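Here's the structure we're looking at; comments come further down.
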């Protein structure tokens, strides 16, 4: 019988951080008032996932940002309303 492949967690970092930001109050901040609710919530949720489902190889992926299409071609998707 062949060994089953090890599970890998692939996490959408943007989605988890967005959820964490709105799930926790802005009062979670540094002593100077810099909000850390998203960072704290993100880390807490990541630890919860690993604790509840077991530690596995984990990759957190983030959106790449602007592709530069609008800078190269100003009319790129200019007709879209959203």
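Of all the criteria given as (1) at positive phi; (2) touching a helix residue (DSSP H, G or I) at 6+ places or on another chain (Cβ under 6 Å), the one not satisfied by residue 65 is (2).
On inspection, residue 20 does not qualify as in a loop (DSSP other than H, G, I, E, B) and either out of contact with any helix residue (DSSP H, G or I) (no Cβ under 7 Å at 6 or more places or on another chain) or modelled with pLDDT of 90 or more (or both). Against the conditions (1) assigned to a loop (DSSP other than H, G, I, E, B); (2) under 16 Å from the mean Cα position of the chain (by Cα), residue 42 satisfies every one except (1).
Mind checking whether some residue in region 45-60 is in contact with a helix residue (DSSP H, G or I) (Cβ under 6 Å, 6 or more places away or on another chain), modelled with pLDDT of 90 or more and in a strand (DSSP E or B)? The answer is yes; a qualifying residue exists. Looking only at region 62-79, decide whether some residue is modelled with pLDDT of 90 or more, farther than 13 Å from residue 17 by Cα, more than 16 Å from the chain's Cα centre (by Cα) and not in a strand (DSSP E or B). Within region 62-79, none of the residues are modelled with pLDDT of 90 or more, farther than 13 Å from residue 17 by Cα, more than 16 Å from the chain's Cα centre (by Cα) and not in a strand (DSSP E or B).
Do you know which residues across region 1-17 are surrounded by 14 or more Cβ atoms within 10 Å (Cβ to Cβ) and either out of contact with any helix residue (DSSP H, G or I) (no Cβ under 8 Å at 6 or more places or on another chain) or in a helix (DSSP H, G or I) (or both)? Full working, then the answer.
We begin by selecting, within region 1-17, every residue surrounded by 14 or more Cβ atoms within 10 Å (Cβ to Cβ); these are 9, 11, 13, 16-17.
Within region 1-17, 13, 16, 17 meet the criteria.
The values are calculated or read from the model by the stated rules, or taken from the named source; none is laboratory data. Computed from a predicted structure; not experimentally measured. Note that we place each Cβ from the backbone using ideal geometry, even for glycine, and neighbour counts take in every protein chain shown.
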